[in-house]
Amino acid sequence: MRGGPRRQPPTGGRWQLWRRFRSRSPLAQVGYTLATIGAVLTVVIGVGGYYLYDQLTGFHVVDVGGLTHRAIYGIQNILVLGSQERQGQVGNFGFEADPYTTNSDNLLLIHLDATHTHATVLSIPRDTMVYEPACEARIRQIGIGLQGPFQSTIIDGALNIGGPTCAVETVTDLTGIRLDHFVEFDFNSFRDIVDAIGGVKVCVPKGGYHDPKSHLNLSAGVHTVTYNQALAYVRTRDTLKGPDAGGDLPRIELQQAFISSVVQKANSTGLLTNSLELYEVAKTAAKALTVDQGLGSVASLLKLAKSLTGLHSKNVTLITMPTIFDPANQNRLLPEEPQDDVLFQMVRTGQTWRGFFPLIPPRKIQVKVLNGTGIAGLAGRTATALRALGYDVTGVGDAGPTTNTTVSYDGTASADEAFTLESSLTAFPAAQNLLAEPAAQGGRYGPITLILGDDYANFTVKPPPKSPAPTGKKAGKAKKGSTEVSDAAATEAPSTGPGAVQSRNGAENICEGLPLG
């Protein structure tokens, strides 16, 4: 007999499991192996997930009043503010006259539809004079305690005076739109997030952008900007040309092109579906942004990001609130009525901007005509002309002596009707929303009042346009892959005047609609 005694098979639980495994079919063995590996991976991912969660802490969460704080699913209205606070900022951002000021250079109201597949990004110019409700002041330069209300004050100061709650209440009062969440970023956080997504492509028209104040120095063409250059690009305004040259409106055009580029990049790279890349961005955002308590968790932030995977750039609309120059101060802007109220109502009701203001059939519009000129029979003759166009004229009468012809309406709900009536006049009269703040600005549908003033000789009644033309010029396109930018690509949509709206589609060529430097 060769060798020693015969070796006995091992015993024990592990041997029994091995025999049971070897007795199974090859297919079952594969399935068993995969299930085991899956269980191990589950444990590893669970431990790793806890580590990731721990790494994502560091949110700066503030208690913001005036918000719904509702879950991130469904319709969302999010206020995003960019603060110009310079204390503790890394880099040279110019002189700060008042330390610790937090004026909001950027005010964005982002509306997401119920499916998060369409978005409207409404820019509110920081130089706009608005009503500001009473706010609890937080800085000694202003004075501790309740301040205001102010009937007319610059909107970017609300954040500075009373913090996020004051900013939320001011924007809500202006727009009549109930806000759900709040996000604030400063110079450092903006740069960090731009770097986290690998930089952003921007376009510069012929002549380049050379701004000594923002420290931007870019030649004509397409550039990928990061960190300081990215910040300088969105802050540049002093050397920009066009309506409101050197002011906020041309700078908003740059910012809208920048946002378009970010959305296009997210779509093309699949950023929101790449868990690892999204984690890195979320980690940066968690440490960089200030958010309300409804967004102050890892779960909320990631759920919001994941909910945007179906949002394509072509379904993103960037639009600037219509304004006019303040006659009392050409460096300030005033909301343009009823155009701004039409936009607010569109956002409130989920309508999409199509490049023009919606018009209502005249037969659905009730109009009262008042004569403030002293010219006998003028109200009656105007009423007859309006009835011929189909308007439901409910009555005529006299008003006190009036210099300017005016269209008056009660709240954003009637703004469409007011704008349609204005469109039936050869020149746009002044307009006013009769709801005095702080009353809720939504209002309800009601008759429109046309008050004829001394300037009425300049007006003629005419049919409203059947199909409104898009507002603004169509900008030229740069050649694909080219860094040469034509002058046509640097024209801007009119930003002031009746029916003029500064806007762009998120899928638009980033070399279109840019201000010249």
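What follows is calculated from the coordinates using simple rules that are stated; it is not laboratory data. Note that the coordinates shown come from a computational prediction; the quantities given were computed from them, not determined experimentally. Positions of Cβ are backbone-derived with ideal geometry, glycine not excepted, and every protein chain shown enters the neighbour counts.
Data for the structure
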read-out	value
Spatially proximal aspartates and glutamates relative to Lys462 (Cα-Cα < 12 Å; intrachain offsets below 8 disregarded)	Glu422
Under 15 Å, Cβ to Cβ, from Asp398 - net charge with Lys/Arg +1 and Asp/Glu -1	+1
Spin-label pair Ser152/Lys201, simplified geometry with 7 Å Cα→Cβ offset, distance in nm	4.5 nm
Percent of beta bridges antiparallel (DSSP, segment 60-349, rounded to nearest 5)	70 percent
Fully extended contour minus Cα-Cα distance, from Gln432 to Asn217, at 0.36 nm per residue	73.1 nm
Ratio Rg/Rh, restricted to segment 213-369 and using Cα atoms, in which Rh is the Kirkwood radius	1.03
Amide H partners (placed H, <5 Å) of Arg332, local residues excluded	Asp326
Amide H contacts under 5 Å for Gln147, placed H, 5+ residues apart	Cys135, Glu136, Ala137
Shape metrics for segment 302-408, restricted to C-alpha atoms - Rg then Dmax, Å	20.3, 67
In order through segment 418-427: 3J(HN,Hα) via Karplus (6.51 cos²θ - 1.76 cosθ + 1.60), integer Hz, x for Gly, Pro	5, 5, 4, 4, 4, 5, 8, 10, 5, 9
Gain upon complete extension [Arg444, Leu276; 0.36 nm per residue less C-alpha separation]	55.6 nm
Per-peptide average of other Cβ atoms within 10 Å, ordering 415-428, 350-363 highest first	415-428, 350-363
Two-site label geometry, Ile360 and Thr224: point separation in nm, points 7 Å out along Cα→Cβ	5.1 nm
Three-way shape label, segment 60-349, alpha-carbon gyration tensor, a/c 1.5	rounded
Cross-link table Lys201/Lys314; Lys241/Lys265; Lys201/Lys306; Lys241/Lys314; Lys201/Lys241, entries beyond 25 Å C-alpha to C-alpha	Lys241/Lys265; Lys241/Lys314
Pair Lys303, Ala134: separation of 7 Å Cα→Cβ label points (nm)	3.7 nm
Over 18 Å [Cα-Cα, segment 362-458], rounded percent	42 percent
